[in-house]
Each structure stands twice: as C-alpha cells, then as structure tokens.
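Some notes on the structure that comes next.
Bear in mind that the values in this text are calculations on the coordinates, not laboratory data. These numbers were taken from a predicted model, which means no experiment stands behind them. Positions of Cβ are backbone-derived with ideal geometry, glycine not excepted, and every protein chain shown enters the neighbour counts.
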Amino acid sequence: MGVEQGGDMFDVLAIYIIIFYTKKSIWAKFWHEICCKINSMRKILIIFLILFSSELVFGEVYKWVDERGGVHFTDDIMKIPEKYRGQFEKMGLSREEVSIQKESELSSKRKEDTYRDSLGRGEEYWKSRVEEVRNRIKTLQERIENLRIKYNELTERFNDSKSSTERAALRNERDQVRTEMQQNRNQLEEAKRILEKKIPEEAELYRAKPEWIK
C-alpha cells in the first residue's frame, strides 16, 4: 500500500515536471518570435527614417533671380518662369529652409499687394486707368483709318462724277468726313499725351509704383 502511494506521487511529480518544461519551452518560443518581429520592425523603421531624412535634407531646390532682383526658390523646376530657366541655380536646401524662403516671398508679396498711393489707391486703379486710355487710343486709331478710307472713296467718286449736283453733295460729305477725321486726330493726340505724360506725372506725384503704369 505504501509502495503504491509512493509510486503514484512519483508519477504525479513527473507529470508536473513535464508540464513545467513544456510550458517553459512554449513561452521561450513565443518570446523568441516576438523579439524577431520587434527586430524586423526596428530595421524597417530605421530604413524608413533614413529614406525620409534623405528626402528632407537632400531634396533638389532651384533658385533664380527675376528682372527686379527678387530671389525665388522652388522644388519644382516647372514653376520657374520660362525666361529664367536658363539662369536658375540648383541648391541643396532642406524642405524647412525652402518653406522659410517661400514664406518670406509670400510675406513680401503681401506687403506689395497692400501698398497704396498717397490717396489710398492701389495697383488696380492705376492699371485700369492706363488700360482705359490705351483702349481709347486703339479705338481712335481704327476710327481715323475708317474715315481715311471713306474720304478716299468719296474723292474717287467726286473725280469720276459728271454731275455738278452730285459733285457738290460729294464735296460736302467729304468735307464733313475730313472735319471728323481731324477731330479724332486731335483726340488721339490728347489721349497719347495723357498716357505718356499726364499719368506718369500723377503717379509720381501721388507716389504710385512706376510698374503700375507700364
């Protein structure tokens, strides 16, 4: 009876030992797999950081100077105006530095946009005024050309006519056309004077920017 109980206790102890080491083996395997995955993720993260930092630090940046001496930066060569594409300089600025430069340009542009002459008028006022005078000059030139053609046609008809009555009517009509043509020429000269002299003088007087009237 005692021997059988001792044998049973030994068997139970053996079973516990086997279960213990089996569990230990399973946990060891589990933690090994976890560590392998962590190492793999760490390697992927390192590779990602290297690629990202390379893009951040070594991105290609282009610099060019416009006709007014303004310095511009961009990371897209297609954003460089065509007339400056042969003059740009490739640089190795970081994205952060490019952002700073762009912000500086935008700030400068905003200051230009908010500038007003001494009467509070901006670029839009002066440009629209110049455009209005230029359109008037173009209209007058076209009108004068049409009157000139009409005058020549009346002259030909006058020369070809054999009727004194018709010739008199043609002469009167031609004289009216000539008078109208001269009036339009006078208006054209006045419009040119306004564009070339009056507006520039006023722009200087009221401290408008010269480029606003070009």
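Odds and ends about this structure:
- Amide H to amide H distances under 5 Å link Val61 with Met91, Leu93, where only residues 5 or more positions off or on other chains count and H is placed in the peptide plane.
- Across the cross-link table entries Lys83/Lys198; Lys127/Lys197; Lys83/Lys209; Lys79/Lys209; Lys138/Lys197; Lys150/Lys197, which are compared at the Cα atoms, the separations over 22 Å belong to Lys83/Lys198; Lys83/Lys209; Lys79/Lys209; Lys150/Lys197.
- Placing +1 on the Cβ of every Lys and Arg and -1 on the Cβ of every Asp and Glu, with nothing else charged, gives segment 123-213 a dipole about its Cα centre of roughly 240 debye.
- When the convex hull of its Cα atoms is viewed from all sides, segment 123-213 shows a mean projected area of 6.3 nm².
- Taking Trp212, Trp126 and counting other C-beta atoms within 10 Å, the order from fewest to most: Trp212, Trp126
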